[in-house]
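Asker: Here you go, one structure.
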Amino acid sequence: MSGRLAGKRILVIGAASGIGLAVAQAAVAEGARVVIADLAQEAGEAAARQTGGDCSFLQCDVGDEASIVATIASTAAHLGGLDGLVNNAGLMRAGPLESLTSSDWDRMMTVNARGVFLATREAIPHLKSAGGGSIVNTASLAAKRGGPGIGGYAATKGAVMAFTTAAALELAPHKIRVNSVCPGFIDTPFNNPAINFMGGREEQARIVKAMVPLGRQATPEEVAPLYTYLLSDESGYVTAQALSIDGGVYN
């Protein structure tokens, strides 16, 4: 690794597994000091141990405002400030629109969209104190083109994309960059609701092969380098972007 994040103080929310864990591991490997935050305490603690280096864990419920406020404050106190924030916590409910309940819609909006807003809001003073920084929000290919069975989820990720752009333009004078990453088919348990809606893994594999120009899903480890780039000073002129990493689906 190049040490491109040497000395950076980074919080990754939603990092007990999947993309978030891969991002935390990549950030530590690039020299960052990292706090992993997740609702799943046991898995989060294990993830921090597995990551090694300067990595610690805080339990955070992104559906609870007080929990987010406490997590940002505790992270900044532990690290002595904050240079980067990754909003990766998410929730997916999949199924036909006529069976989507209002409670499922509200819960996805709370976790996927409201949580991003709250964490961003709380991180801003710390990033300003640091002289600038980078916020990376996990959106989705679904935000750009939707898909059957994920109408509510797509709406939440569309909200993340729109919020990212607005926040980036507002915070640019403070040298705080805000971007979103739009992963496509990534092989993580997070996507199990969508896989089940598609008819199982075998049918999903057929759909992926037909839909994705590269003909396969990605691993979380293939996605993480885009996050480390956006967190690094190498991307100092990149802001307000929704960057796809989807094997060529959205073009």
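Where a number appears in this text, it was derived from the coordinates with a stated rule and is not lab data. All of these numbers come straight from a predicted model, not from anything done at the bench. Cβ atoms come from the backbone with ideal geometry, glycine included; neighbour counts cover every protein chain shown.
Asker: When the Kirkwood hydrodynamic radius is evaluated over all pairs of different C-alpha atoms of the range 123-251, what value in angstrom, to one decimal, is obtained?
Answerer: Working: mean 1/r = 0.0640 Å⁻¹.
About 15.6 Å for the range 123-251.
Asker: Which of the helices in the chain meet the span-like rule: DSSP H, Cα axial reach of 24 Å or more, Kyte-Doolittle mean at least 0.0? It would help to have the intermediate numbers written out before the result.
Answerer: Details: long enough: 151-171 (30 Å, 0.81).
Correct list, ordered by number: 151-171.
Asker: Using Cα springs under 10 Å in a Gaussian network model of the chain, which residue among Val208, Val181, Val23 shows the largest mean-square fluctuation?
Answerer: Val208
Asker: If you don't mind, there's one more thing I want to ask. For Ala242, which sequence-distant residues (separation of 5 or more, or a different chain) have an amide H within less than 5 Å of its own amide H, given hydrogens modelled in the peptide plane?
Answerer: Ser180
Asker: Let me ask something else. Taking amide H positions as placed 1.01 Å from N in the peptide plane, with prolines and chain starts having none, which residues 5 or more places from Ile135, or on another chain, fall under 5 Å of its amide H?
Answerer: Leu85, Arg177, Val178, Asn179
Asker: Kirkwood Rh, Cα Rg: Rg to Rh for the chain? Could the numbers behind the result be given before it?
Answerer: On the way: Rg = 17.1 Å, Rh = 18.0 Å.
Rg/Rh: 0.95.
Asker: What residue among Lys209, Lys128, Lys144 shows peak mean-square fluctuation when the chain is described by a Gaussian network model with Cα springs under 10 Å?
Answerer: Looking only at Lys209, Lys128, Lys144, the biggest GNM fluctuation is shown by Lys209.
Asker: Averaging sequence separations of C-alpha pairs under 8 Å and six or more residues apart, then dividing by the length of the range 9-237, give the relative contact order as a whole percent.
Answerer: Relative contact order comes out at 20 percent.
Asker: Exposure proxy check: Cys60, Cys55 ranked by fewest other beta carbons within 10 Å? Intermediate results must be reported in sequence, preceding the final value.
Answerer: Numbers: Cys60 28, Cys55 22.
Final ranking by Cβ density, sparse to dense: Cys55, Cys60.
Asker: Any idea how far apart Glu221 and Leu169 come out in nm if each label point goes 7 Å out from Cα toward Cβ?
Answerer: 4.0
Asker: Order these peptides, 72-80, 130-138, by their mean beta-carbon neighbour count within 10 angstrom, highest first.
Answerer: Working: 72-80: 17.4, 130-138: 22.4.
Highest-to-lowest ranking by the protection proxy: 130-138, 72-80.
Asker: For each of Tyr229, Tyr250, count neighbouring Cβ atoms within 10 Å of the residue's Cβ, then give the residues from fewest to most.
Answerer: Details: Tyr229 19, Tyr250 14.
In order of increasing Cβ crowding within 10 Å: Tyr250, Tyr229.
Asker: Once you place label points 7 Å from the Cα toward the Cβ at Asn196 and Gln41, how far apart are they in nm?
Answerer: Result: 2.6 nm between the two label points.
Asker: Only counting other Cβ atoms within 10 Å, I'd like Phe57, Phe197 sorted with the fewest neighbours first.
Answerer: Numbers: Phe57 24, Phe197 19.
The order, fewest Cβ neighbours first, is Phe197, Phe57.
Asker: Quickly estimate the mean residue ellipticity at 222 nm for the chain, helices only: each DSSP H run with n ≥ 4 gives -39500 (n - 2.57), and the total goes over all residues, rounded to 500.
Answerer: Values: 10 runs with 116 residues, N = 251.
Value at 222 nm, helices only: -14000 deg cm²/dmol.
Asker: Rounded to the nearest 20 Debye, what is the dipole magnitude of the chain about its Cα centre when Lys and Arg each give +1 and Asp and Glu each give -1 at the C-beta? Please report the intermediate quantities before stating the final value.
Answerer: Values: 19 positive and 22 negative charges, 100 e Å.
That gives a dipole near 480 debye.
Asker: Sticking with this one: In a Gaussian network model over the chain where Cα atoms closer than 10 Å are linked, find which of Leu231, Leu118, Leu82 has the largest mean-square fluctuation.
Answerer: Leu118
Asker: What is the antiparallel percent of DSSP beta bridges lying wholly in the range 1-84, to the nearest 5? Could you put the intermediate results ahead of the total?
Answerer: Details: 0 of 11 bridges.
Within the range 1-84, antiparallel bridges account for around 0 percent of the total.
Asker: Here's a follow-up. So, in nm, how far is label Glu234 from label Ala205 when the simple model puts each one 7 Å beyond its Cα toward the Cβ?
Answerer: Placing both labels 7 Å along Cα→Cβ, they lie 3.4 nm apart.
Asker: Sorted by packing (mean other beta-carbon atoms within 10 Å per residue), highest first, where do 8-14, 172-178 land? All intermediate terms of the calculation are to be shown ahead of the outcome.
Answerer: Working: 8-14: 28.0, 172-178: 17.7.
Answer by packing, highest mean first, reads 8-14, 172-178.
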